[in-house]
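The structure appears right after this line, and notes come after that.
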Amino acid sequence: TEHKAWWKTAIIYQIYPTSFYDSNGDGIGDLNGITSKLDYIKDLGVTVIWLSPIYKSPLADMGYDIADYRQIDPRYGTLEDWDRLLKGVHERGMKLMMDLVVNHTSDEHGWFISSSSSLTSPKRDWYFWRPPRTDNKTGLPNNWKSLFEGSVWQHDPNTAEYYLHLWDKKQPDLNWENPDVREAVWDIMKFWLDRGSDGFRMDVINVISKTPGLPDAPITEPGETYQSGSMYYANGPRVHEFLREMHSKVLSKYDTITVGETPFTHDPDVLAQYTLPSSNELHMVFPFELMHIDAPITNRELSSFEAKDQDGRVDAERFELMYRKWKLDEMKKIVEKWQLLKMKEGFWGGTYIENHDQARSVSRFGNDSVDELQVHSAKMLAVFHASQRGTLYVFQGQELGLKNAPRSWKIEDYPDVASQNWYKKVFEERRKTTGEDHPDMDDVMEGLHMKARDHARIPMSWDSSKHAGFTTGTPWMRVNNDHQTWNAAKQIGDENGVLSFWKKALKIRKENEVLVYGNFTLFAPTHQQLFAYTRKVSKGTTALAVMNFSKEDLMISVSKDLSPQLLQLELSCVLSNAGSEGELLKEDISLKPYDARLYISG
Ligand code: TEU
Ligand code: CA
């Protein structure tokens, strides 16, 4: 029997503060802006809010580069504003999770300033410093590629050594081998928990333990200067030891909710290790495999692929900014894999299809070509998302069915460091190989149009006024072109809108624990239009989701395409984007493009 917990039934709403709501007209979303929208969030059916980072930061990676963990960046407000936000959240019976980014700091953090000041700084060993190598061509300590392009090593002329940064050069990696670093992290956690935070989302928490010696990665992308090295930092040798220490020293003393962000991992057993109750580490993690479904895996020039080193360590890094068309059977396979894993005793996962690093789900998995299909497929994705096992995460704007920016956007419109660096890398390479000043970049722009992290970071569309009602000033990033037709104001009170549909979906999820805890069984795995599965608690309720993931009509026979037994369960439709609510499950179901129905047994 399933162990039940409040953090399993939670409905978590992720806020990207910079782009949520600007209360003072400086063009940047802020804490007071969030506080003023709490009724909107509560009304949606949310029980927990997760805030992306709001700490003091030079914003080289939009706050995932922290200069002071105990201060709010003045752009977002003050600690007192945060206290007020927390109070408002708690008054409405919700909880507040903070983002804990402790694999790396900003290079402007006091720890790094001290560490880089001299070879003998007491904080020297808080980061990874290496002298130049003499036995290779580059002089670099190893050949790893940064997740934001280029080398992971940055030379610091001050001490003539290199420091490690898996992401931007302004995000030096902390050395978790040093117990003082760990104590400092526990202190930060206690600071926020004591101030009232209800838990943490932990950024790239599975890369905090690096393989000793930081060995060169095998050549998996011939012709590239730097190679994907995730096999030497993802799920490293001491990661579970560190997390158990975190648990015993901090987490065990509070009633918290914790979720680990765990990229570069497609092996379910490896992820399970973090969340099994016997592990005493985290409540849940975010599997990444579905987010990689539309990343190219065969074009070795543009992507990494699952590769192994001589000791069998696996590299599951995917290049995320190029697009390939995915097939429904591939998607079903991945969803089933992780939904089934979640049934293994004690494993728990965070279920999401959007966040601040991902393009909009309606553009990737639905159909945003015309308004009508956008509404309809966004609702289908709500059925899909809200009927899966795990703790549910909804990203700001997902509840409105917001889509990606249009193809007409130029590279200047994509401010994210990942988009910018990727574009520059390819542009320079092509300039060299073709000799042209303006090489063809259409494929890269198409990739960004489908996949860039920027889409999620477009300021929220609140109404049809100038700047989408996000700010009275100049927004830090341009608003979406469609904000006059797609915005919260239009959808509030519209019974047929995406927002109302999401509210209904979340209400149904709350009333039917089978949707949170039930076992998952997939039907018709190779069908290229139909996505259907049941969720079932033993000797209890059954739920059935039936969706047409295509732009063609679809006729299905329940006994042939699904299972004849379903017809005996008196399944009644509780949620549908095609007006089928209240209907009993019958042998023949006719589904228009992107139709979705959720049935529950009486
Ligand atoms: O993301 C980790 C991560 O592995 C990716 O999603 C990464 O951002 C992507 O591959 C780059 O194209 C987390 C945060 O969610 C992300 O916003 C940060 O940039 C990153 O860590 C570094 O802190
Ligand atoms: Ca502001």
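Some notes on this structure:
One line per residue, one yes/no per condition, for (1) out of contact with any His (no Cβ under 7 Å at 6 or more places or on another chain); (2) not in a loop (DSSP other than H, G, I, E, B):
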site: 551; (1), (2): yes, no
site: 555; (1), (2): yes, yes
site: 560; (1), (2): yes, yes
site: 567; (1), (2): yes, yes
site: 580; (1), (2): yes, no
site: 586; (1), (2): yes, no
site: 589; (1), (2): yes, yes
site: 594; (1), (2): no, no
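- In the stretch 140-168, the residues that are within 15 Å of ligand 1 (Cβ to nearest atom), in a loop (DSSP other than H, G, I, E, B) and over 23 Å from the mean Cα position of the chain (by Cα): 150
- Just one of the listed residues (427, 470) is in the same structural domain as residue 356 (by TED's automatic domain parsing), under 25 Å from residue 362 (Cβ atoms) and either aromatic (Phe, Trp, Tyr) or in contact with a Gly (Cβ under 6 Å, 6 or more places away or on another chain) (or both), and it is 470.
- Check on residue 77, over 26 Å from residue 400 (Cα atoms), more than 14 Å from ligand 1 (Cβ to nearest atom) and in contact with a helix residue (DSSP H, G or I) (Cβ under 6 Å, 6 or more places away or on another chain): yes
- All positions within the stretch 463-475 that are on the phi < 0 side of the Ramachandran plot and either within 16 Å of ligand 1 (Cβ to nearest atom) or free of Cβ contacts under 8 Å to residues at least 40 places away in the same chain (or both): 463, 464, 465, 466
- Test: residue in the stretch 33-51 that is in contact with a Pro (Cβ under 8 Å, 6 or more places away or on another chain), outside any helix (DSSP H, G or I) and within 16 Å of ligand 1 (Cβ to nearest atom): yes
- Selection within the stretch 25-38: residues that are closer than 25 Å to residue 453 by Cβ and of a type in the set (A, V, I, L, M). The member of this set that is nearest to ligand 2 (Cβ to nearest atom) is 28.
- Failed item, numbered, when residue 22 is tested on (1) away from ligand 2 (no atom under 16 Å from the Cβ); (2) touching a Pro at 6+ places or on another chain (Cβ under 8 Å); (3) of a type in the set (D, E, K, R): (1)
- Candidate set from the stretch 82-114 (those that are farther than 16 Å from residue 31 by Cβ and without any contact (Cβ under 8 Å) to a residue 40 or more places away in the chain); member that is farthest from ligand 2 (Cβ to nearest atom): 114
- Qualifying position, being under 29 Å from residue 598 (Cβ atoms), crowded, with 20+ Cβ neighbours inside 10 Å and either of a type in the set (D, E, K, R) or not assigned by TED's automatic domain parsing to the domain that holds residue 415 (or both), among 453, 509: 509
- Leading residue by the ranking (farthest from residue 60 (Cα to Cα)) among those in the stretch 406-420 that are within 16 Å of ligand 1 (Cβ to nearest atom) and in a loop (DSSP other than H, G, I, E, B): 414
- Residue, nearest to residue 147 (Cα to Cα), within the stretch 421-462, restricted to residues that are of a type in the set (Phe, Trp, Tyr), part of a helix (DSSP H, G or I) and away from ligand 1 (no atom under 12 Å from the Cβ): 423
- The test for being in contact (Cβ under 8 Å) with a residue 40 or more places away in the chain, within 16 Å of ligand 1 (Cβ to nearest atom) and either aliphatic (A, V, I, L, M) or closer than 20 Å to residue 170 by Cβ (or both) holds for residue 15.
- A count restricted to the stretch 55-77 and to residues that are in a loop (DSSP other than H, G, I, E, B), touching a residue at least 40 places away in the same chain (Cβ under 8 Å) and more than 20 Å from residue 166 (Cα to Cα) stands at 3.
- Yes/no for residue 319 being within 20 Å of the chain's Cα centre (by Cα), under 26 Å from residue 423 (Cα atoms), aromatic (Phe, Trp, Tyr) and at pLDDT below 85: yes
- Of everything in the stretch 203-218 that is over 24 Å from residue 97 (Cβ atoms) and among the hydrophobic types (A, V, I, L, M, F, W, C), the residue that is nearest to ligand 1 (Cβ to nearest atom) is 217.
The values are calculated or read from the model by the stated rules, or taken from the named source; none is laboratory data. None of the values given here were measured: they were computed from a predicted structure. No Cβ is skipped: glycine too gets one built from the backbone with ideal geometry, and neighbour counts run over all protein chains shown.
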